[in-house]
Amino acid sequence: MHDLIKYFDIAFDAPDGIKKLREIILSLAMQGKLVPQNPSEGTASDLLKEIEKEKKKLIKEGKIKPPKPLPPIKPEEIPHEIPDTWQWVRLGEVGVYNYGSTVCPENILPDSWVLDLEDIEKDTSKIVNRFKYRERMSKSNKNSFYKGDLLYGKLRPYLNKVIVADDDGYCTTEIVSIFLFSNISRFFFLNCFKAAYFKLYIDNKMYGVKMPRLGTDDANLSLHPLPPLAEQHRIVKKIESLMALCDALEELKKSAAVKLQSSGNAAIEMLLSSGDEEDFNRNWTFIRDNFEELFSTPENIKSLKKAILQLAVMGKLVPQNPSEGTASNLLKEIEKEKKKLIKEGKIKPPKPLPPIKPEQIPHKIPNTWQWVRLGEVASKVTDGDHKTPPRLEEGYRLLSAKNVRDGYLNFENCDLISEIYYLKSRERCLPEYGDLLIVSVGGTIGRSSLVPEDSKFALVRSVALIKPLFLNSKFLKNIMDSEILQSQIHLKKRGGAQPCLYLSEIERFYCPLPPLAEQHRIVKKIESLMTVCEALEESIQTKTKTQTTLLQCIR
């Protein structure tokens, strides 16, 4: 027998470990590996003889109809090995599928129990709602069921909704009642219906497109392992005790996750409130040295990365250096360059941008920095072609929102266009090395990437382009990923199912601007901190992968 307890620690730490452990418990139970066999309890063969007697008696009394003959079980149908005292049986041998009768609503008494699929909690087999017919009147027919029947949701979304009825009642026709003969543990078969071997069988036998379901003939032909009755009861008892441990472990994990989240948030808050570089280094060292304890989930690490970007835009990531000048000096250089480009006919004169109001400013920045609109620090803010050019099997690449990933461009499944349309598109919008692309239409709005070297492509309307002037492009990308820009994107996007950002809104987005030399230092610092985060993240992923592999090895 398996000593499963030693795997509970692994299950606690592994992603979906407890869910996997529950599956393993059922799998071992169905293989006869959860409790020892006892020869004094007889065999499944003896049990089947008693079932056959009961079946004949019930047929004679008119309580059940004579069943259709079932084909013998072929060796290739058998899902796995079972103990010698067990036997594989078809459901039709040990029960009657769809036992209840169809009842018109006018024949249902007001105080009768009426069960719907939504009343059963998936996976747990708990009844979460219990209504009488007078509380849930219906015009549709119902199926009757009796106390002790196995009730099973036969549609794909509800396959794990299975209970043993604790009273007589009526249910939706999408729930089927199964009568099991008296020498069968209802709760043993409830677990059979949740086990992996049966789910696999259903996957192969479901029919229908919109709402796939299990047919009566296929249900009756399904194979199930049958132990002696006394062993069935012992297996059920063992499953219940192990599942109770899983429940307790799940609660403990939830509690630990809340505490961990709280500790991680406190550490991030400490980092964000760093007063100077020395303070920041001390707080960062604490996080780095306790990383696995504070940030053991992808969500926590994501929060830390966001905090690093937040510190960057607050001017707290690197110290300021007066010799590097000011943002005011930088803006004068940008303005000078813009006038030159306008004079040369390379860009059009920009529309005036509104001043940034004091109430818009979310936080303090160093004295050498300045709040600016994106349109002030870009030579151009534009987007791709608004007219859809014909697609070809060969040609020039045309990028859309689907090709802009978080921090990189994916050229796979790229649309292709002719040279004429390609050149025409690039007259309006010419992506060049260091430009920032941002998704401006659709579900991934706000996602951005820099244009890499030696990239030639055209853009469609769903991607906007920002050409920075005297800015570190990577700094602009970090600004775009920060909370200050993402919150403005969320606030300014228009539309519902297909949201969009207008170019005029992108130009008006405001952000902090440091001197150029400081931008370079900030980018370098962000990259070094993100490298540490990613290395530690990889180490956690390796650990969890090992734990998952260990659980998968249990047979």
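If I filter the stretch 1-25 down to residues being among the acidic types (D, E), modelled with pLDDT under 85 and part of a helix (DSSP H, G or I), which single residue comes out as surrounded by the fewest Cβ atoms within 10 Å (Cβ to Cβ)?
Per the criteria, the residue is D9.
Name the pairs: first residue in the stretch 289-305 and surrounded by 13 or more Cβ atoms within 10 Å (Cβ to Cβ), second residue at pLDDT below 70 and part of a helix (DSSP H, G or I), Cβ to Cβ under 8 Å, at least 6 apart or on different chains?
L294/L260; S296/L260; T297/A257; T297/L260; N300/L260; N300/Q261
When the residues of the stretch 424-458 are filtered to those that are more than 16 Å from L501 (Cα to Cα) and in contact (Cβ under 8 Å) with a residue 60 or more places away in the chain, which remaining residue is farthest from the chain's Cα centre (by Cα)?
Only one residue fits best here, namely K456.
Name the residue that is nearest to Q310 (Cα to Cα), counting only residues in the stretch 266-288 that are crowded, with 18+ Cβ neighbours inside 10 Å and β-branched (V, I, T).
Out of the qualifying residues, it is I268.
Residues that are within 21 Å of I25 (Cα to Cα) and among the basic types (K, R): list the helices (runs of 4 or more DSSP H) wholly contained in the stretch 218-325 that include at least 3 such residues.
Hits in the stretch 218-325: 229-272.
P349 fails exactly one of the following numbered conditions: (1) surrounded by 11 or more Cβ atoms within 10 Å (Cβ to Cβ); (2) in contact with a helix residue (DSSP H, G or I) (Cβ under 7 Å, 6 or more places away or on another chain). What is the number of that condition?
(1)
Just to verify a result, which residue in the stretch 188-205, among those that are farther than 22 Å from E121 by Cβ and touching a strand residue (DSSP E or B) at 6+ places or on another chain (Cβ under 9 Å), is surrounded by the most Cβ atoms within 10 Å (Cβ to Cβ)?
So, considering only residues that are farther than 22 Å from E121 by Cβ and touching a strand residue (DSSP E or B) at 6+ places or on another chain (Cβ under 9 Å), the one surrounded by the most Cβ atoms within 10 Å (Cβ to Cβ) is Y201.
Count, please, the residues in the stretch 414-438 that happen to be among the aliphatic types (A, V, I, L, M), closer than 26 Å to G375 by Cα and not in a helix (DSSP H, G or I).
Matching residues across the stretch 414-438 total 4.
For the stretch 492-538, which residues satisfy the criterion of being within 22 Å of P468 (Cα to Cα), out of contact with any Lys or Arg (no Cβ under 9 Å at 6 or more places or on another chain) and of a type in the set (D, E)?
E518 - this is the single residue of the stretch 492-538 that is within 22 Å of P468 (Cα to Cα), out of contact with any Lys or Arg (no Cβ under 9 Å at 6 or more places or on another chain) and of a type in the set (D, E).
Looking only at the stretch 122-141, which residues are in a loop (DSSP other than H, G, I, E, B) and without any contact (Cβ under 8 Å) to a residue 60 or more places away in the chain?
Result: K122, T124, K126, V128, N129, R130, R136, M137, S138, K139, S140, N141.
Take the conditions touching a residue at least 24 places away in the same chain (Cβ under 8 Å), buried (at least 21 other Cβ atoms within 10 Å of the Cβ) and closer than 29 Å to E52 by Cβ and apply them to S177. Does it pass?
yes
Among L28, L109, L70, which is the only one that is outside any loop (DSSP other than H, G, I, E, B) and either in contact with a helix residue (DSSP H, G or I) (Cβ under 8 Å, 6 or more places away or on another chain) or loosely packed, with under 14 Cβ neighbours inside 10 Å (or both)?
L28
Please identify the pairs in which a residue from the stretch 95-111 that is closer than 30 Å to K49 by Cα and assigned by TED's automatic domain parsing to the domain that holds D149 has its Cβ atom under 8 Å from the Cβ atom of a residue that is surrounded by 11 or more Cβ atoms within 10 Å (Cβ to Cβ) and of a type in the set (D, E), counting only partners at least 6 apart or on another chain.
Y99/D149; G100/D149
Among the residues of the stretch 361-411, what is the count of those that are part of a strand (DSSP E or B), farther than 30 Å from D276 by Cβ and aliphatic (A, V, I, L, M)?
The total comes to 6.
Looking at (1) touching a residue at least 60 places away in the same chain (Cβ under 8 Å); (2) touching a helix residue (DSSP H, G or I) at 6+ places or on another chain (Cβ under 9 Å); (3) not hydrophobic (A, V, I, L, M, F, W, C), which is the one condition that is false for S323?
(1)
To keep it simple, each residue is scored yes or no on (1) surrounded by fewer than 20 Cβ atoms within 10 Å (Cβ to Cβ); (2) of a type in the set (S, T, N, Q); (3) modelled with pLDDT of 95 or more.
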position	(1), (2), (3)
A497	yes, no, no
R508	yes, no, yes
P514	no, no, yes
A517	yes, no, yes
S528	yes, yes, no
K543	yes, no, no
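Tally time: how many residues in the stretch 45-82 are farther than 20 Å from S182 by Cβ and touching a Ser or Thr at 6+ places or on another chain (Cβ under 7 Å)?
The qualifying residues number 0.
Run down V460, V439 and say which single residue is in the same structural domain as K351 (by TED's automatic domain parsing) and touching a His at 6+ places or on another chain (Cβ under 9 Å).
V460
The values are calculated or read from the model by the stated rules, or taken from the named source; none is laboratory data. All values derive from a computational prediction rather than experimental measurement. Cβ atoms come from the backbone with ideal geometry, glycine included; neighbour counts cover every protein chain shown.
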